[in-house]
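For reference, the structure is listed below as C-alpha cells.
The values are calculated or read from the model by the stated rules, or taken from the named source; none is laboratory data. Just so you know, these numbers come straight off a predicted model, no measurement behind them. FYI the Cβ positions are ideal-geometry reconstructions off the backbone, even for glycines, and counts take in every protein chain you see. Keep in mind that these areas ignore ligands, DNA and RNA; they rest on the heavy atoms of the full protein, side chains included. Shrake-Rupley method; radii C 1.70, N 1.55, O 1.52, S 1.80 Å.
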Amino acid sequence: MITFPNDLEVVITREFDAPIALVFDVLTKPEHVTKWGATPPDRMTECSIDLRVGGNYHSSFVTTDGTVFTFSGTYLVVEPPVRTVETWHFNCWPDVEAVETMELQERDGVTLFTRRMAFRDQAGREHMTAFDGQQDSLDEVEKILRSLLNPSHA
C-alpha cells in the first residue's frame with residue numbers, strides 16, 4: 001500500500017509472512033538486495049552496503065536501453081532488526097533530497113514493513129508520483145523470503 005500522508009512524505013507498507021530478522025537481512029544484505037533491487041529485464045550492476053551509522057550505500061542498475069540509475073546515501077540510524085534511517089539520493093533527480101526510514105514490526109510470525117520517505121521540499125516529493133518497480137521489487141523480496149523459508153520449493 002502506498003499513501004501520501006502530507007505534501008512531503010510517501011509511505012509504503014507491506015506484510016511479509018516471515019520473521020523480522022530474516023526480512024531485515026533480505027532488505028539490507030547485498031547478496032539479497034542484488035536480487036530484488038532491479039527487476040527483470042533491468043539488472044543490478046553494483047550494490048555496496050556499509051550498514052552502520054555513518055556508513056554508505058550505493059546501488060546501480062541498468063535498463064534494457066542502457067540507462068544507468070543509481071541510488072545512494074548515508075545511514076543515520078541502524079537498529080537491527082527493526083529500523084534504519086538513511087539519506088536518499090537518486091541520480092536522475094540531483095536536486096531532490098530525502099530521508100528514508102525503514103521500520104519492521106513482527107506479530108505472530110508476520111512482519112510489517114514500512115518505508116517512509118520524507119522529502120526536503122514539496123518539489124522533491126512531487127517526483128514520487130509513479131512507483132515503477134516498487135511493487136515488483138517487493139514481490140521479489142517476498143519470493144526470496146519464501147525460498148529461504150522453504151528451500152525445497154525454490
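Just give me the residues in region 76-100 being of a type outside the set (A, V, I, L, M) and open to solvent by 30 Å² or more (accessible area, probe 1.4 Å), in sequence order.
Glu79, Pro80, Pro81, Arg83, Thr87, His89, Asn91, Cys92, Trp93, Pro94, Asp95, Glu97
Can you find a residue in region 11-18 that is under 19 Å from Ser137 (Cβ atoms) and free of Cβ contacts under 8 Å to residues at least 24 places away in the same chain?
No; the residues of region 11-18 include none that is under 19 Å from Ser137 (Cβ atoms) and free of Cβ contacts under 8 Å to residues at least 24 places away in the same chain.
In the list Thr34, Thr39, which residue meets the criterion of being among the polar types (S, T, N, Q), out of contact with any helix residue (DSSP H, G or I) (no Cβ under 7 Å at 6 or more places or on another chain) and crowded, with 16+ Cβ neighbours inside 10 Å?
So the residue among Thr34, Thr39 that is among the polar types (S, T, N, Q), out of contact with any helix residue (DSSP H, G or I) (no Cβ under 7 Å at 6 or more places or on another chain) and crowded, with 16+ Cβ neighbours inside 10 Å is Thr34.
Determine, yes or no, whether Thr39 is in contact with a Gly (Cβ under 7 Å, 6 or more places away or on another chain) and in contact (Cβ under 8 Å) with a residue 40 or more places away in the chain.
When the stated conditions are applied, Thr39 passes them.
Restricting to region 107-128, and then to whatever is part of a strand (DSSP E or B) and surrounded by fewer than 17 Cβ atoms within 10 Å (Cβ to Cβ), can you tell me which residue is nearest to the chain's Cα centre (by Cα)?
Checking each candidate, the answer is Thr114.
Which strands (runs of 3 or more DSSP E) sit wholly inside region 1-78 and have at least 2 residues that are modelled with pLDDT under 90?
Once the strands (runs of 3 or more DSSP E) in region 1-78 are filtered for at least 2 residues that are modelled with pLDDT under 90, what remains is 2-6.
What number of residues within region 66-91 satisfy the criterion of being touching a His at 6+ places or on another chain (Cβ under 9 Å) and not hydroxyl-bearing (Ser, Thr, Tyr)?
Within region 66-91, residues that are touching a His at 6+ places or on another chain (Cβ under 9 Å) and not hydroxyl-bearing (Ser, Thr, Tyr) number 3.
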